Amino acid sequence: MNKNTIVYILCVFSFFFVHSQNQKQKSPIDIPMESIFVHKNSEVLFSGERLLFGVHVRDLSTEKASDLSKMAYVQLLGEEVKPIFLKKVELKNGFGHGDFRVGADIETGTYKLMAYTQLARNSDAHKYFETDIFIINPYIQLRERNVVSQTTDSLAKTLDNQIVDMGSSRDEIQNNILSSLVDIELDKEIYGKRETGRLEINSGVSLNGAVLSLSIRKKEAINGPVSISAVDYHSKMIKGTKNRFIDVSEIKWLPELRGDHLTGRLLQVSDSFPVPDTQVVMSIPGSEYIVDIARTDASGRFGFWLEGQYPQTRNGFMQIIGDASDETFIVLDKEGPLLPDNLVFNDFKIDKTLEDIILQRSIQNQLQNAYLAPIPGTMEVTTTDSQPYYRSFDTQYILDEYTRFGSMEETFVEVVEQAWIENVESDDPQFKIRPLPQYPQDIVEEPLVILDGQVVLDHDLIIGIPAREMESIAVSRKKIFMGSKLYQGILHFESKDGKYWERFPMKNTTILEIERSSLLRTYPEFQYDYLSNMSSDLPDFRRQLYWNPKIKVSGDTFGLNIWTSDVTGEYEIRVEGFTEEGKPISGYQKFEVE
């Protein structure tokens with residue numbers, strides 16, 4: 001076990017020691033296990049349609065929302081356990097959500113939607129959540145085993161009655177009403193096209209603090225896999241669980257208590273041997289950039305935590321501090337999908353005579369995507385008044401507010417105070433910052449220099465940039481520790497476009513392709529105000545009338561207006577979630593559009 005892992009386990013132990021006191025566990029080294037439930041918008045999807053999902057992570061020791069893992073993983077696997085996608089989903093108070101558009105390259109067949117946390121992977125009974133999804137791709141010729149040549153009793157002649165009998169999912173969903181904690185009431189049972197409807201959710205128990213997911217979608221003509229409700233999940237997966245804790249010594253998959261975790265190894269170019277006790281600096285550029293420094297352990301391993309929200313960029317950078325940068329290289333760890341060897345994929349067949357009906361739906365999807373494509377939603381960002389210490393400055397110089405000078409040297413002489421460029425005969429020129437009065441005035445340490453959110457180790461690179469390309473220079477005179485390295489202040493340079501690193505990459509830099517988590521976003525394309533004001537000249541073939549993955553209920557009831565589309569037929573309303581005390585909620589209702 002390497003040094004980083006030992007330190008991490010100690011941190012985990014300390015965290016769960018406190019947590020265990022709150023949960024009154026028998027042993028301070030027992031860690032509560034987690035279990036995952038996913039509510040999705042449909043069990044059957046066509047190419048071009050979106051899979052929408054909400055992820056609930058439950059603490060088995062309390063049956064409430066888990067406050068442990070800050071990251072969940074959602075993946076879609078095809079037959080022969082072939083990964084289709086793997087998404088990291090940020091968790092807040094045990095909940096996260098996301099979406100995935102079914103591409104035209106995904107073949108018709110049965111797929112497994114799975115979700116897990118790293119902590120849950122340590123469990124045998126609750127390692128992951130899984131459910132089946134049927135995907136139909138009219139753009140790729142069906143394989144023979146997916147086609148039946150004659151219409152059977154379970155296949156009808158119209159789209160609304162077209163069924164592939166894989167179980168009685170509709171009956172099971174409706175039976176959940178008997179054990180549900182909510183009732184769904186509508187102002188009427190039959191609506192016309194493009195008409196306003198009113199929906200109310202009521203409960204016999206307090207819904208205050210409950211987190212619910214709500215889907216309103218046209219009833220699938222193809223009867224897909226059985227839908228797993230929150231009530232079913234709680235009854236079968238949580239109530240029957242006996243072992244709800246794991247000993248910290250048995251942990252193989254380290255829980256992500258703080259968010260995204262980037263890890264890797266530093267190796268020698270000559271023989272790929274590990275390079276120990278060497279500092280690695282990470283930069284993720286952007287307006288709210290992140291920088292950090294880690295030191296490699298005896299096996300050359302290092303790691304960085306990315307807590308909370310971070311810049312909307314796919315690229316970050318890693319550099320080696322010291323003279324050995326030309327002789328080493330970085331290998332980053334990649335989190336691969338979970339690939340169980342015991343998955344069973346149910347057979348999926350479509351009647352060959354339904355080709356025209358499937359084509360009609362695919363055309364409607366194309367028109368819908370062309371005229372009513374999903375519009376950008378706002379991100380749920382956690383706001384804070386405080387800035388990280390490396391983004392906090394004493395003075396910022398907006399250079400256009402001063403006389404412009406051609407070179408960086410002139411700018412530091414005439415504009416920037418308490419900082420200068422020091423030329424040393426035996427070394428390259430370096431920036432220097434005068435310490436605050438309370439610190440010794442002999443300057444030994446160099447400042448931390450950042451350009452557009454990327455740490456610059458070679459100061460000469462910035463000194464050689466024409467000053468006219470810079471928008472501002474910010475200065476902090478405070479001494480700071482980053483990792484184990486001491487800096488005398490911070491200099492941050494912001495270029496005119498804020499992306500100097502794109503035009504002039506720095507040498508000896510490893511590009512970090514960030515597989516960032518899916519940020520929690522809103523879905524304005526399902527909001528009543530947006531839809532009801534849509535032009536009547538545009539086609540409206542929406543099958544998904546409404547989706548809200550996270551309704552935070554503040555009272556005993558919840559209501560909303562809905563707007564029907566031009567697609568007639570029977571629609572289903574599904575509500576899934578949990579109360580603040582951990583009780584499952586499942587609701588079902590239906591209505592007609594004529």
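The values are calculated or read from the model by the stated rules, or taken from the named source; none is laboratory data. Just so it is clear, the structure is predicted and the values come from calculations on it, not from any experiment. Note that we place each Cβ from the backbone using ideal geometry, even for glycine, and neighbour counts take in every protein chain shown. Accessible surface is based on the protein model in full, side chains and every heavy atom, while ligands, DNA and RNA are left aside. Shrake-Rupley method; radii C 1.70, N 1.55, O 1.52, S 1.80 Å.
Every residue in segment 89-102 that is out of contact with any Gly (no Cβ under 8 Å at 6 or more places or on another chain) and open to solvent by 20 Å² or more (accessible area, probe 1.4 Å), please. Full working, then the answer.
Taking segment 89-102 as the starting set, the residues that turn out to be out of contact with any Gly (no Cβ under 8 Å at 6 or more places or on another chain) are 91-94, 98-100.
Across segment 89-102, the qualifying residues are 92, 93, 99, 100.
Considering only residues of segment 252-287 that are among the hydroxyl-bearing types (Ser, Thr, Tyr) and touching a residue at least 60 places away in the same chain (Cβ under 8 Å), which is nearest to residue 483 (Cα to Cα)?
The first filter runs over segment 252-287 and keeps only residues among the hydroxyl-bearing types (Ser, Thr, Tyr), leaving 263, 270, 272, 278, 283, 287.
Now drop any that are not touching a residue at least 60 places away in the same chain (Cβ under 8 Å), which leaves 263, 283, 287.
Details: 263: 15, 283: 13, 287: 22 Å.
So, considering only residues that are among the hydroxyl-bearing types (Ser, Thr, Tyr) and touching a residue at least 60 places away in the same chain (Cβ under 8 Å), the one nearest to residue 483 (Cα to Cα) is 283.
Restricting to segment 545-559, what's the tally of residues that are open to solvent by less than 20 Å² (accessible area, probe 1.4 Å) and either modelled with pLDDT of 90 or more or basic (Lys, Arg) (or both)?
4
Go through (1) out of contact with any Ser or Thr (no Cβ under 6 Å at 6 or more places or on another chain); (2) modelled with pLDDT under 95; (3) crowded, with 16+ Cβ neighbours inside 10 Å and name the single condition residue 449 misses.
(2)
For segment 232-251, which residues satisfy the criterion of being open to solvent by 50 Å² or more (accessible area, probe 1.4 Å) and either over 15 Å from residue 30 (Cα atoms) or part of a loop (DSSP other than H, G, I, E, B) (or both)? Quick ask: steps written out before the conclusion?
Taking segment 232-251 and keeping what is open to solvent by 50 Å² or more (accessible area, probe 1.4 Å), we get 235-237, 239-240, 242-243, 245, 249-250.
Selection gives 235, 236, 237, 239, 240, 242, 243.
Name the residue, out of 151, 196, 131, 117, that is farther than 30 Å from residue 89 by Cβ and at pLDDT 90 or above.
Unique residue meeting the criteria: 196.
Looking at this structure, is residue 507 open to solvent by 60 Å² or more (accessible area, probe 1.4 Å) and over 30 Å from residue 98 (Cα atoms)?
The answer is yes for residue 507.
Please state which one of 334, 349 is modelled with pLDDT of 80 or more and of a type in the set (Lys, Arg). Working first, answer last.
On the way: 349 fails: modelled with pLDDT of 80 or more.
Unique residue meeting the criteria: 334.
I need the full set of residues from segment 263-289 which are open to solvent by less than 60 Å² (accessible area, probe 1.4 Å) and touching an Asp or Glu at 6+ places or on another chain (Cβ under 8 Å), in order please.
Pass one, segment 263-289, residues open to solvent by less than 60 Å² (accessible area, probe 1.4 Å): 263-264, 266-267, 274-275, 278-286, 289.
The answer is 263, 264, 281, 282, 285, 289.
Listed here are the residues, each with its yes/no results for (1) open to solvent by 10 Å² or more (accessible area, probe 1.4 Å); (2) closer than 18 Å to residue 294 by Cα; (3) modelled with pLDDT of 90 or more.
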{"site": "454", "(1), (2), (3)": "no, yes, yes"}
{"site": "465", "(1), (2), (3)": "no, no, yes"}
{"site": "468", "(1), (2), (3)": "yes, no, yes"}
{"site": "473", "(1), (2), (3)": "no, no, yes"}
{"site": "489", "(1), (2), (3)": "no, no, yes"}
{"site": "498", "(1), (2), (3)": "yes, no, no"}
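Answer yes or no: is there a residue in segment 298-313 that is buried (at least 16 other Cβ atoms within 10 Å of the Cβ) and either basic (Lys, Arg) or under 30 Å from residue 182 (Cα atoms) (or both).
Within segment 298-313, one or more residues are buried (at least 16 other Cβ atoms within 10 Å of the Cβ) and either basic (Lys, Arg) or under 30 Å from residue 182 (Cα atoms) (or both).
Looking at segment 457-503 only, could you name the residues that are in a loop (DSSP other than H, G, I, E, B) and under 30 Å from the mean Cα position of the chain (by Cα)? Give the derivation first.
Initial filter on segment 457-503 (in a loop (DSSP other than H, G, I, E, B)): 457-458, 464-466, 483-484, 496-499.
483, 497, 498, 499, listed by residue number.
Taking the condition open to solvent by less than 10 Å² (accessible area, probe 1.4 Å), under 30 Å from residue 60 (Cα atoms), within 22 Å of the chain's Cα centre (by Cα) and among the aliphatic types (A, V, I, L, M), does residue 254 pass?
On the way: open to solvent by less than 10 Å² (accessible area, probe 1.4 Å): no; under 30 Å from residue 60 (Cα atoms): yes; within 22 Å of the chain's Cα centre (by Cα): yes; among the aliphatic types (A, V, I, L, M): yes.
Answer is no for this residue.
Restricting to segment 508-537, count the residues that are aliphatic (A, V, I, L, M), under 30 Å from residue 455 (Cβ atoms) and at pLDDT below 80. Spell out the reasoning first.
Keep residues of segment 508-537 that are aliphatic (A, V, I, L, M), which gives 511-512, 514, 519-520, 531, 534.
Right, trim to under 30 Å from residue 455 (Cβ atoms) and you get 511-512, 514, 519-520.
Retained after the next criterion (residues that are at pLDDT below 80): 514, 519-520.
Looking only at that region, the number is 3.
What residue, among those in segment 390-416 that are in contact (Cβ under 8 Å) with a residue 60 or more places away in the chain and part of a loop (DSSP other than H, G, I, E, B), is surrounded by the fewest Cβ atoms within 10 Å (Cβ to Cβ)?
Looking at residues that are in contact (Cβ under 8 Å) with a residue 60 or more places away in the chain and part of a loop (DSSP other than H, G, I, E, B), I get 406.
So, restricting to strands (runs of 3 or more DSSP E) that lie completely within segment 1-112, which ones have at least 2 residues that are modelled with pLDDT of 90 or more and among the β-branched types (Val, Ile, Thr)? Spell out the reasoning first.
Values: elements: 30-32, 34-40, 44-46, 50-59, 71-78, 82-90, 95-101.
It comes to 34-40, 50-59, 82-90.
Taking segment 554-579, which residues are assigned to a loop (DSSP other than H, G, I, E, B) and within 22 Å of residue 228 (Cβ to Cβ)? I'd like the intermediate steps shown before the answer.
Of the residues in segment 554-579, the ones assigned to a loop (DSSP other than H, G, I, E, B) are 554-556, 564-568, 579.
579 - this is the single residue of segment 554-579 that is assigned to a loop (DSSP other than H, G, I, E, B) and within 22 Å of residue 228 (Cβ to Cβ).
Being open to solvent by 30 Å² or more (accessible area, probe 1.4 Å) and on the phi < 0 side of the Ramachandran plot is the filter here; which residues of segment 475-487 pass it? Can you show your working first?
Step one: of segment 475-487, the residues open to solvent by 30 Å² or more (accessible area, probe 1.4 Å) are 477-479, 481, 483-486.
The answer is 477, 478, 479, 481, 484, 485, 486.
For residue 190, indicate whether it is buried (at least 18 other Cβ atoms within 10 Å of the Cβ) and either over 15 Å from residue 34 (Cα atoms) or without any contact (Cβ under 8 Å) to a residue 40 or more places away in the chain (or both).
Details: buried (at least 18 other Cβ atoms within 10 Å of the Cβ): no; either over 15 Å from residue 34 (Cα atoms) or without any contact (Cβ under 8 Å) to a residue 40 or more places away in the chain (or both): yes.
For residue 190, the condition - buried (at least 18 other Cβ atoms within 10 Å of the Cβ) and either over 15 Å from residue 34 (Cα atoms) or without any contact (Cβ under 8 Å) to a residue 40 or more places away in the chain (or both) - is not met.
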